Every structure is written in C-alpha cells, then in structure tokens.
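Input: a single structure, listed below in structure tokens.
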Amino acid sequence: MAETAGESNEVATILLVEDDPTLRSTLVFNLSRDGYTIHAAADGPTALDIVSRIGENIDLAILDVLLPGLNGFQVLRAIRRDFDFPVLILSARGEEQDRIDGLELGADDYVVKPFALRELLARVRAAVRRNAIPSRKPPSVLYRGALAVEPDRRRATVRGRELQLRPKEFGLLVALAREPGRVFQRQELLDDVWGSDVYIDERTVDVHISWLRGKLSDAGMDPDCIRTVYGAGYRFMIQATDEPHTSGSNLIPASVTQDE
C-alpha cells in the first residue's frame, strides 16, 4: 500500500516506510504540515517500488525495521546499492547491536520507539537541511599512489580496478585522501561523512575504516595507508601526485608523520 501527501513548494521529498497505520498517518500529517512531500508505504516491497520510480528525487527515507515482505534492513541494503540519500531508521529495538547493524548498512540516524514527535521532526529537518547543503568540492580526481579517487563520479580505482565501496566508506576515503598526513579525529570524520547533526557512536568510524582498509588491501594497496593514531584518530599516509603510480603505495615517511 502506498500513499502520497503534502504537495508543497519545498524541494524536499520524504519516503516514509511504516507498517503501523496509526503511526504512519500521524507522521504523514505532521511531515506534510511541515511542508514536505511524503510518499508513504506500509511494507518493504512497496517502498522499493517507490524508490525505483523516484529514487533520484528522494531527500530522506524514514524506515521502520519490522516490516512485512522485506524488513527495514533488507530495504536499506537495496537502497544503498543505488542511492545515497539519508536514511533514518525507526525501531522498537534499542539494543546496541541493532543500532550498529543499521549504521553499518548505511543508515544515517537511528531513532528508538517510542519517541518524542518533536525530536523526530527536528532530526528530519536537520537531515534534509544537511542533505541540501553542497559539500566542499575537492579536485575532480585525487591521485594517491596507485589509487585514484573521483569524488564527483563516486568512483575509486586501484591500478584501474574499481573498488566496490559503500557510500560511507567512499566518504571516509575522500575525506582522508583529501589531506594526506593530517590527523582526523573520529568526530571530525563523523561530522564530515555522516553529518554534524547525527548522533552516532564514534566506534562506527572504526568499523567503516576497518572495512575500507580490507578493500584497499584486497586491491593490492598497503593497508597501513590508513594509519591509526592512538588516542587521536586516523591519517592517510599516501602522498598526493599528479597521476597514479603503478608500483608501491608511496607512503609518507614515518619520520615526517610520527604517530602519537
């Protein structure tokens, strides 16, 4: 079942996926009153059908976890194959592992039921506002050793072989590779990649960095190119070049960037 409400002048379209009809109607009413265009679905397959039709125009998805047909995590995984719009998870389960699972799959925020309506609406406004602000635009291609990162095309290659990165992994790679040798605190990376208005445990960064290192290593890069600075954060250890090198990873000498 799908429904559309709130044809507004706002350039903000929200996909709401919630199987509880009372909560769904309440959220549709309040979000529409705030000026958003709402596409609502009561199950996973209907949500993905909406995404397949208007995914390029969605500014935010509010996604319940316990859904008929496909659960919220399955829907999120399918969304993240093609789209990077913010996703806010709703769940009656507040266990830490459930939060981590959602964030690792690419969710941007996680709200536990029951929740205060005003808080949810504030989080929605923050996510939509953040998504509408263009990020700092780095050069069209970042060459780092054998690695080439193309932020505009959301593409990273090692010696011509494309890496299969999740959206947040790619965001971390761009943030780190933009300034080789600089130490980034975990909170800085959270603010840059997830957004400063999202409440996420800093350990989420560690998990995504671990995945990113593994994929770089599998592609033939030195996993130490992303180095942990204990008590501080992470730094990218490959010097910037005008074009990619095909041999070695061109690590910045440790004497220049001694870890603390």
Subset of the range 2-22, residues part of a loop (DSSP other than H, G, I, E, B) and either at pLDDT 60 or above or charged (D, E, K, R) (or both), comes to GLU7, GLU10, VAL11, ALA12, GLU18, ASP19, ASP20
With criteria (1) assigned by TED's automatic domain parsing to the domain that holds GLY72; (2) modelled with pLDDT of 85 or more, ARG99 comes up short on (2)
Within the range 74-98, restricting to residues that are part of a helix (DSSP H, G or I) and surrounded by fewer than 20 Cβ atoms within 10 Å (Cβ to Cβ), the one that is nearest to the chain's Cα centre (by Cα) is ARG80
Flagged in the range 140-181 as touching a Phe, Trp or Tyr at 6+ places or on another chain (Cβ under 8 Å) and in contact (Cβ under 8 Å) with a residue 40 or more places away in the chain, in numbering order, are ARG144, ARG154, ARG166, LYS168, GLU169, LEU176, ALA177, GLU179, PRO180, GLY181
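Out of curiosity, is PRO68 touching an Asp or Glu at 6+ places or on another chain (Cβ under 6 Å) and either surrounded by 17 or more Cβ atoms within 10 Å (Cβ to Cβ) or of a type in the set (A, V, I, L, M) (or both)?
On the way: touching an Asp or Glu at 6+ places or on another chain (Cβ under 6 Å): yes; either surrounded by 17 or more Cβ atoms within 10 Å (Cβ to Cβ) or of a type in the set (A, V, I, L, M) (or both): no.
Judged against the criteria, PRO68 is not a match.
Name every residue in the range 102-118 that is under 13 Å from the mean Cα position of the chain (by Cα) and in a helix (DSSP H, G or I), in order of residue number.
To start, the set of residues in the range 102-118 that are under 13 Å from the mean Cα position of the chain (by Cα) comprises 102-110.
Within the range 102-118, GLY102, LEU103, GLU104 qualify.
Could you tell me which residue of the range 245-258 is modelled with the lowest pLDDT, considering only residues that are surrounded by 13 or more Cβ atoms within 10 Å (Cβ to Cβ) and part of a loop (DSSP other than H, G, I, E, B)? First the steps, then the outcome.
We begin by selecting, within the range 245-258, every residue surrounded by 13 or more Cβ atoms within 10 Å (Cβ to Cβ); these are 245, 249-252, 257.
Still in the list and also part of a loop (DSSP other than H, G, I, E, B): 245, 249-250, 252, 257.
Values: HIS245: 65, SER249: 54, ASN250: 64, ILE252: 65, THR257: 44.
If we take residues in the range 245-258 being surrounded by 13 or more Cβ atoms within 10 Å (Cβ to Cβ) and part of a loop (DSSP other than H, G, I, E, B), then THR257 is modelled with the lowest pLDDT.
The values are calculated or read from the model by the stated rules, or taken from the named source; none is laboratory data. What you see is a predicted model; the values in this text were computed from it and never measured. FYI the Cβ positions are ideal-geometry reconstructions off the backbone, even for glycines, and counts take in every protein chain you see.
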